[in-house]
């Protein structure tokens, strides 16, 4: 137990050094995140069955911790089918493969923008939710019962996962979680479920003023959603960035950036920094990212790591870039060489922790031996 406690303190110190602008003992491994679906497949359990009883997942998740080196808990579990089933969700639907799928749906019609802008919360509760979650499309009494059941199921699932994650963190001496909340960029929130991808791409041309006003209207909600009870310099709010790479420069500048920048700045002003999942290719917008509050953490999916290090590495904290596709297609030596290449580019001067370009969702998306070899290499060789 003493050895585990010492290991945990060492892991904590490494991340604190990164976040405080100091050189850690070595490059910590902080973004090797395996989904629950991966863990279930890896343990050779039934994917559909195991997701319905989260109280049984400890042994399954423990196997990932045993077999894959990491300095933080290498697991993420954000969605389970129970509460979506209770709600009659159209937003996330269980597919035949055992994975929750996100169909292209929308809950807000373009003629309802004015109503939404005037009172986003009321419009979401009264019109949008019943359209996206069919069991809420009923009388007020029944609606309240369904919502209460779904919320209870959500709390139960998250409570189970929180307890399991806590046990595994102590058992293996991991540093505390890197995230203490999540939210969305205002434009992404309007796009994802309110108007859908097709709807929002049309709206920016047909109703530009209304789209702009809708983003402004939901910004305070997104700040509230992303604000934990106890803001911290060491645990951040996670924000996945969806739509920007698919936007024209002038549309990004008008519709996406202002409300997103305000969101990140408002969280930072309250003492809560953010971790951005910089999805797809943001190289067009790299100078915008520099403007965000100091020590914003950025997990890059694609792009030029040399340029990102040059432009952002002295102000912000970087991770990502390592391509999961290489773990599937490359030799073991190819994979280790890529890790070394990225560390040589991104680690000098600090403000970097090792991570892949995206979360690991399925067992067949990687070669397990290559994955283990890369993580072992970083754990043993990425010293300053």
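Here is how the numbers come out for the structure above:
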read-out: Candidates 369, 380 - the one that is without any contact (Cβ under 8 Å) to a residue 24 or more places away in the chain and either under 20 Å from residue 188 (Cβ atoms) or part of a helix (DSSP H, G or I) (or both); value: 380
read-out: Residue that is surrounded by 14 or more Cβ atoms within 10 Å (Cβ to Cβ), under 28 Å from residue 17 (Cα atoms), touching a helix residue (DSSP H, G or I) at 6+ places or on another chain (Cβ under 8 Å) and in contact (Cβ under 8 Å) with a residue 12 or more places away in the chain, where the choices are 73, 87; value: 73
read-out: Residue count, the stretch 292-320 (criterion: touching a residue at least 12 places away in the same chain (Cβ under 8 Å) and assigned to a helix (DSSP H, G or I)); value: 7
read-out: Restricting the stretch 22-45 to residues that are in contact (Cβ under 8 Å) with a residue 24 or more places away in the chain and over 22 Å from the mean Cα position of the chain (by Cα), the residue that is nearest to residue 371 (Cα to Cα); value: 26
read-out: Matching residues in the stretch 299-308 - criterion: being within 11 Å of residue 346 (Cβ to Cβ) and either in contact with a strand residue (DSSP E or B) (Cβ under 7 Å, 6 or more places away or on another chain) or crowded, with 21+ Cβ neighbours inside 10 Å (or both); value: 300, 308
read-out: Hits in the stretch 110-129 (condition: surrounded by 14 or more Cβ atoms within 10 Å (Cβ to Cβ) and farther than 25 Å from residue 146 by Cα); value: 110, 112, 113, 115, 117
read-out: Count of the stretch 180-207 residues which are under 19 Å from the mean Cα position of the chain (by Cα) and surrounded by fewer than 18 Cβ atoms within 10 Å (Cβ to Cβ); value: 1
read-out: Residue within the stretch 342-349 that is surrounded by 21 or more Cβ atoms within 10 Å (Cβ to Cβ), farther than 24 Å from residue 309 by Cβ and touching a residue at least 12 places away in the same chain (Cβ under 8 Å) present; value: no
read-out: Residue, nearest to residue 99 (Cα to Cα), within the stretch 343-363, restricted to residues that are assigned to a helix (DSSP H, G or I) and out of contact with any strand residue (DSSP E or B) (no Cβ under 6 Å at 6 or more places or on another chain); value: 363
read-out: Residue 318 surrounded by 20 or more Cβ atoms within 10 Å (Cβ to Cβ), closer than 28 Å to residue 21 by Cα and in contact with a helix residue (DSSP H, G or I) (Cβ under 8 Å, 6 or more places away or on another chain); value: yes
read-out: Residue count for the stretch 125-146, restricted to those that are assigned to a helix (DSSP H, G or I) and without any contact (Cβ under 8 Å) to a residue 24 or more places away in the chain; value: 11
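Coordinate-derived values only; no laboratory data. Predicted, not measured: the structure shown is a model, and the values here were computed from it. Every residue, glycine as well, gets a Cβ built from its backbone with ideal geometry; the counts of neighbours run over all protein chains shown.
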